[in-house]
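The block underneath contains the structure these notes are about, expressed in structure tokens.
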Amino acid sequence: MEENNSNKYKKIIADIVCESWRFCNLFERILSKQDAGEKSKYLNKYNWYKRKLEESLSEAELTIVDLEGKLYEPGLAATPLNLDEFNKDDSLIVDQMIEPTIMGPDGLLKMGVITLKKKRKK
């Protein structure tokens, strides 16, 4: 019974972290479209929120793993939405995080969701 409650709470926390991450990404995009005067009104509040979120994650021993730009390999802690668009020999990188990968003190708490793109040849 206690283990079921523990798993339930871990899922709830992972969902809250995921939605907070989405909210931060959305708010950053909104801020980037504002003029300097409007932006400054909200930037301090946003920075405060993000700092409090990071402090809470740290206290809970949770980490949001940013995979954008990383080389894609099978076994990566994220589910690719568009893998079927590529050949098996293509060298791929993570283009965008749709949902974050969340690590906890005991390992993976939540698989991320990503989109991929071909790695540019140099």
Subject >> Residue among S58, S40 that alone is closer than 23 Å to C18 by Cα, outside any strand (DSSP E or B) and small (G, A, S) >> reply: S58
Subject >> Count - residues of region 58-85 that are within 17 Å of K117 (Cβ to Cβ) and among the aliphatic types (A, V, I, L, M) >> reply: 6
Original post:
Does K118 satisfy being of a type in the set (D, E, K, R), within 25 Å of D15 (Cα to Cα) and touching a residue at least 24 places away in the same chain (Cβ under 8 Å)?
Top reply: no
Subject >> Only listed residue being closer than 30 Å to R120 by Cα, free of Cβ contacts under 8 Å to residues at least 40 places away in the same chain and not basic (K, R), chosen from G75, G37 >> reply: G75
**OP:** Consider V17 carefully, then state whether it is in a strand (DSSP E or B), surrounded by 13 or more Cβ atoms within 10 Å (Cβ to Cβ) and in contact with a Lys or Arg (Cβ under 9 Å, 6 or more places away or on another chain).
**Re:** no
Original post:
Right, E28: of a type outside the set (S, T, N, Q), under 16 Å from the mean Cα position of the chain (by Cα), more than 19 Å from T63 (Cα to Cα) and modelled with pLDDT of 90 or more or not?
Top reply: yes
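The values are calculated or read from the model by the stated rules, or taken from the named source; none is laboratory data. These figures come from a predicted structure and were not determined experimentally. Cβ sites come from the backbone with ideal geometry, for glycine too, and all protein chains shown count toward neighbours.
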